[in-house]
Amino acid sequence: MTPVSTSSTTTSATGASQSPPGGAGGFGSLGPVGLVLAGGVSVQFGGALAVTLMPRTGALGVVTLRLLAAAVVLLVVCRPRLRGHSRADWVTVIVFGITMGGMNGLFYQAVARIPLGPAVTLEVLGPLALSVLASRRAINVLWAGLALGGVFLLGGGSFDTLDPTGVGFALGAGAMWAAYIVFSARTGRRFPQADGLALAMAVAALLFLPLGIAGAGTRLLNPTTIALGSAVALLSSVLPYTLELLALRRLPAHTFAILMSLEPALAATAGFLVLDQTLSAMQAAAIALVIAASIGAVRTQTRRASVPTRAPEA
């Protein structure tokens, strides 16, 4: 989804507090802000590429290919230890995998029906609501009002301009994203580095595999389809995770979260350039309002405590 909005000072499942080797050179020369923006661009263009793949496999097939490819890469790179974990550890990572799979599945069902920019804007309401509720400050009424105003404009007052089923899937993806944030932090506390993420991705891939086979069948075995699905996984998961890990070594969490709040705009740009999806002036204003609400909520919350992290989705 990729994958877009708020960040946390607690250790996430991506192991953001664990510095990967080799971060000083290579991508690190872009600077931390450049790394985050590059990751955001990668996620959203990966999402746009996924939309072009849907005629070949359907939304469920795309999700399956993305999760499988990302799981293989993460398992090979992280080589997580399977022994020595408690039952509570495994329950946590399994629930994390379920929320990850649900978030991706619902989001791709949404972008199969509505443009990428509005889909990401609606999805981001999940982390925004979590951030507002966690802060419990009166000023968050303003941020919630801005976000609701943006949603109202996005739907033109009635959502007649957007497929209501797609809107429902996007909102469902946002709810799963909020759950993802909670279990991402819990998994990060229980597993070292990115081991929990790799295991959760494997769980999500295994859960989605029967759905992908049922929906796409032997089309999943087409070499071109596999190549495109692997590209989606690379752009939407592996590359942005790596860039964010590098960035978070030198970037405050609240700055990272504010940069993630710009992702609806990046999604709208990717939709325009790759998919020829244009936005009306009202929809552009709606996206701007939701971005402003996200940034405001992040700044308010980081004055007192920590802020939630971005999901690999989108």
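The values are calculated or read from the model by the stated rules, or taken from the named source; none is laboratory data. Computed from a predicted model, the values in this text were never measured in an experiment. Cβ coordinates were reconstructed from backbone atoms using ideal geometry, including for glycine residues, and neighbour counts include every protein chain displayed. When the accessible area is computed, the model is the full protein with side chains, heavy atoms only, and any ligands, DNA or RNA have been set aside. Shrake-Rupley method; radii C 1.70, N 1.55, O 1.52, S 1.80 Å.
Which one of these is in contact with a Gly (Cβ under 7 Å, 6 or more places away or on another chain) and at pLDDT below 85: Ala185, Ala204, Ala200, Ala194?
Going through Ala185, Ala204, Ala200, Ala194 in turn, just one is in contact with a Gly (Cβ under 7 Å, 6 or more places away or on another chain) and at pLDDT below 85: Ala194.
Look through Leu142, Leu133 and report the one residue that is open to solvent by 40 Å² or more (accessible area, probe 1.4 Å), at pLDDT below 75 and part of a helix (DSSP H, G or I).
Of the residues listed, the single one that is open to solvent by 40 Å² or more (accessible area, probe 1.4 Å), at pLDDT below 75 and part of a helix (DSSP H, G or I) is Leu133.
Name the residues in the range 180-193 that are touching a Phe, Trp or Tyr at 6+ places or on another chain (Cβ under 9 Å) and surrounded by 24 or more Cβ atoms within 10 Å (Cβ to Cβ), would you?
Within the range 180-193, Tyr180, Ser184, Thr187 qualify.
When you scan the range 145-158, how many residues do you find that are of a type in the set (Gly, Ala, Ser) and at pLDDT below 70?
The number of residues fulfilling the criteria is 4.
Only one of these is among the polar types (S, T, N, Q), open to solvent by 40 Å² or more (accessible area, probe 1.4 Å), at pLDDT below 50 and over 20 Å from Val120 (Cα atoms): Thr14, Thr9. Name it.
Thr9
Given the conditions (1) at positive phi; (2) open to solvent by 50 Å² or more (accessible area, probe 1.4 Å), and given that Gly217 satisfies all but one, which numbered condition is not satisfied?
(2)
Between Val51, Val91, Val63, Val120, which is aliphatic (A, V, I, L, M) and more than 19 Å from the chain's Cα centre (by Cα)?
Sole residue among the options that is aliphatic (A, V, I, L, M) and more than 19 Å from the chain's Cα centre (by Cα): Val91.
Kindly evaluate Val182 against the criterion of being in a helix (DSSP H, G or I), under 15 Å from the mean Cα position of the chain (by Cα) and of a type in the set (Val, Ile, Thr).
yes
Taking interchain pairs and intrachain pairs at least six residues apart, which have beta carbon atoms under 6 angstrom, with the first residue in the range 79-92 and more than 11 Å from Pro192 (Cβ to Cβ) and the second open to solvent by 50 Å² or more (accessible area, probe 1.4 Å) and not β-branched (Val, Ile, Thr)?
That search, which allows pairs on different chains as well, returns Asp89/Arg190; Thr92/Arg186; Thr92/Arg190.
Which pairs have Cβ atoms under 9 Å, sit 6 or more apart or on different chains, and link a residue in the range 268-287 that is assigned to a loop (DSSP other than H, G, I, E, B) to one that is modelled with pLDDT of 80 or more and open to solvent by 70 Å² or more (accessible area, probe 1.4 Å)?
As it stands, the answer is Thr278/Phe272; Leu279/Phe272, since those pairs meet every condition given.
Output the number of the condition that Thr161 fails; it satisfies all remaining conditions of (1) assigned to a helix (DSSP H, G or I); (2) open to solvent by 30 Å² or more (accessible area, probe 1.4 Å); (3) at pLDDT below 85.
(1)
Got a sec? Which of Thr52, Thr57 is surrounded by 21 or more Cβ atoms within 10 Å (Cβ to Cβ), assigned to a helix (DSSP H, G or I) and either among the hydroxyl-bearing types (Ser, Thr, Tyr) or modelled with pLDDT of 90 or more (or both)?
Among Thr52, Thr57, only Thr57 is surrounded by 21 or more Cβ atoms within 10 Å (Cβ to Cβ), assigned to a helix (DSSP H, G or I) and either among the hydroxyl-bearing types (Ser, Thr, Tyr) or modelled with pLDDT of 90 or more (or both).
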